[in-house]
1. If you check Thr36, Thr22, which single one turns out to be open to solvent by less than 50 Å² (accessible area, probe 1.4 Å), polar (S, T, N, Q) and at pLDDT below 95?
2. Scan the range 31-42 residue by residue and report those that are out of contact with any helix residue (DSSP H, G or I) (no Cβ under 7 Å at 6 or more places or on another chain) and either farther than 20 Å from Glu18 by Cα or not in a helix (DSSP H, G or I) (or both).
3. In the range 1-19, what residues are crowded, with 16+ Cβ neighbours inside 10 Å and under 16 Å from Asn63 (Cα atoms)?
4. Tally up the residues in the range 24-81 that are among the charged types (D, E, K, R) and under 20 Å from Ser3 (Cβ atoms), please.
5. Select from the range 1-28 the residues that are part of a helix (DSSP H, G or I) and among the polar types (S, T, N, Q) and list them in ascending order.
6. Got at least one residue in the range 72-79 being among the basic types (Lys, Arg), closer than 27 Å to Val10 by Cβ, open to solvent by 90 Å² or more (accessible area, probe 1.4 Å) and not in a loop (DSSP other than H, G, I, E, B)?
7. Just give me the residues in the range 44-59 being out of contact with any helix residue (DSSP H, G or I) (no Cβ under 7 Å at 6 or more places or on another chain) and open to solvent by less than 60 Å² (accessible area, probe 1.4 Å), in sequence order.
Amino acid sequence: MRSDIERRAVELAEYIIENKATVRAAAKHFGISKSTVHKDLSERLRDYNITLYAQVKDILELNKAERHIRGGEATRRKYHGDN
């Protein structure tokens with residue numbers, strides 16, 4: 001069972017790195033919860049692969065810094081009808 005979790009964490013990390021994806025997008029792609037993705041990437045991956053962990057951490061921090069911009073854009077599109 002442990003190897004399945006390790007494999008999932010590595011696959012999630014690779015997906016996020018390749019696609020510059022958000023936690024939400026990765027969760028949807030893999031059909032798992034955002035909580036599971038976050039736990040795999042922020043806690044478990046650090047124990048398995050520190051190099052991948054560092055790369056993913058950078059992307060997640062960038063996503064966190066930009067989320068208010070994405071939210072504002074989504075709201076603008078919603079109320080102004082821009083797609």
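The values are calculated or read from the model by the stated rules, or taken from the named source; none is laboratory data. The model shown is predicted, which means the values in this text are computed figures rather than measured ones. When we count neighbours, we look across all protein chains shown, and the Cβ atoms used for this are built from the backbone with ideal geometry, even at glycine. Each accessible area value is taken on the protein alone, full model and side chains, heavy atoms only, with ligands, DNA and RNA left out. Shrake-Rupley method; radii C 1.70, N 1.55, O 1.52, S 1.80 Å.
1. Thr22
2. Matches in the range 31-42: Gly31, Ile32, Ser35.
3. Leu12, Ala13, Tyr15, Ile16
4. Kept after step one, since they are among the charged types (D, E, K, R), are these residues of the range 24-81: 24, 28, 34, 39-40, 43-44, 46-47, 57-58, 61, 64, 66-67, 70, 73, 76-78.
Pick out the ones that are also under 20 Å from Ser3 (Cβ atoms) and you get 39-40, 43-44, 46-47.
Number of matching residues: 6.
5. Ser3, Asn19
6. Filtering the range 72-79 down to residues among the basic types (Lys, Arg) leaves 76-78.
After this cut, where a residue has to be closer than 27 Å to Val10 by Cβ as well, the list is none.
No, every residue in the range 72-79 fails to be among the basic types (Lys, Arg), closer than 27 Å to Val10 by Cβ, open to solvent by 90 Å² or more (accessible area, probe 1.4 Å) and not in a loop (DSSP other than H, G, I, E, B).
7. Hit for the range 44-59 is Ala54, nothing else.
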